[in-house]
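The values are calculated or read from the model by the stated rules, or taken from the named source; none is laboratory data. Note that the coordinates shown come from a computational prediction; the quantities given were computed from them, not determined experimentally. So basically every Cβ, Gly included, is an ideal-geometry build from the backbone, and we count neighbours across all protein chains shown. Side chains are part of the model used for accessible areas, which takes the heavy atoms of the whole protein and leaves out ligands, DNA and RNA. Shrake-Rupley method; radii C 1.70, N 1.55, O 1.52, S 1.80 Å.
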Amino acid sequence: MSDDKYPPESGRRRFVKGVVGGSALAGVTTTGSVAIESSTTDTGEGGGTTPYVGAEKVAGPARRAMPQIPLELDDDGYLRGVWPEVEEVERGGETVAVAETELGGRTYSSKWFQYCGAQNYPGVQPDADRDNYVRYSSRAPYEWQTEMEPGAKVHIDDLRGYESWGNGVGKSGVGKPARCRWRSEDLPKGEENLVLPVVLVRSSRIEAAARDDEWLAASTVQGTVAIFDKCTHFCCTPGFKETEQSTKFDAEDRLYCGCHQSVYDPFSLVERVFTALPRSE
Ligand code: FES
């Protein structure tokens, strides 16, 4: 898609080009190619055209990359997803809550997750008060994860052995995954399905690439990347090395969506632009 789809008045093209310049990575690529992947101009409370970084879509019917969740480590070694400070801003004559911050040379915004209905999930509301820890999902597709209590916080040491971990799907030593959730504690009865799903992958490739890249250094922790796990096709939850079936689609070392065979590469983090859906009032 061509760059000139940017609204000429936005000035965003220049900004995006500016921040991605100079990213030359081995292993993880942060590319300068920016594509607007929706032509609608739908805007509303907290919606609209949004640059973001995500795991590149490499095959299948999905429309675009799945967004990354920047990570940080607390003093005790537990992983937290970064949630920007909330500000009230005037937009279009109305006061709107915005969670947005500058991080690693880019603008990180809670709008990155506003699609697939998640724009109305409690955890995506900018001012929802959460502790932001990444916690284990109740679904544990890996043997090592079955020992972890669902809902327990993920410690960076839980992902040790990542340099050689394997489970028989694809190659060993590509990365050690965990299936998790985020900002989804204490959901009211009947709303338990509104969790924000996350896949973690800890990998030597990410660790090496982050030494030489401002964005990766700011958004990954000791080789660990977090991906918001909602397929940009029809919102299923792709998995990393979760099924042998992925080998048929050259996806055994990538994120594979079993619903319609979309494939995402968690080692190729790319900048994209999409139209975030507005949150309901
Ligand atoms: S490929 Fe269709 S939902 Fe993922």
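Side notes on the structure shown:
- Inter-label distance, nm, simple model (7 Å from Cα along the C-beta direction), GLU185/ASN167: 2.6 nm
- When each of the peptides 67-77, 267-277, 114-124 is scored by the mean number of other C-beta atoms lying within 10 Å of its residues, the order from highest to lowest reads 267-277, 114-124, 67-77.
- Kirkwood hydrodynamic radius computed over the stretch 147-234 comes to 14.5 Å, based on all pairs of distinct alpha carbons.
- With the highest mean first, a sort of the peptides 99-112, 162-175 on other beta-carbon atoms found within 10 angstrom per residue produces 99-112, 162-175.
- Vicinal HN-Hα couplings computed from phi for the stretch 149-161 (Karplus, 6.51 cos²θ - 1.76 cosθ + 1.60; Hz; Gly/Pro x): 5, x, x, 6, 5, 8, 9, 4, 6, 4, 9, 5, x
- Extension gain from GLU192 to ALA97, taking 0.36 nm per residue of separation minus the Cα-Cα distance: 31.7 nm
- For the stretch 23-276, the alpha-carbon coordinates run over 56, 39, 35 Å along the three principal axes, in decreasing order.
- Put a dot 7 Å past the Cα of ALA152, heading toward its Cβ, do the same for CYS235, and the two dots end up 3.2 nm apart.
- Note on VAL86 and GLU244: with the Förster distance fixed at 30 Å, the Cβ-Cβ geometry gives a FRET efficiency of about 0.10.
- Once the 1.4 Å probe is applied to the protein heavy atoms, the stretch 23-276 comes out at 41 Å² accessible per residue.
- q = 0.26, 0.27 Å⁻¹, the stretch 188-230: log10 I(q)/I(0) [Debye, one scatterer per Cα]: -0.84, -0.88
- Within the stretch 243-281: backbone nitrogen closer than 19 Å to the ALA140 label point (7 Å, Cα to C-beta): 243
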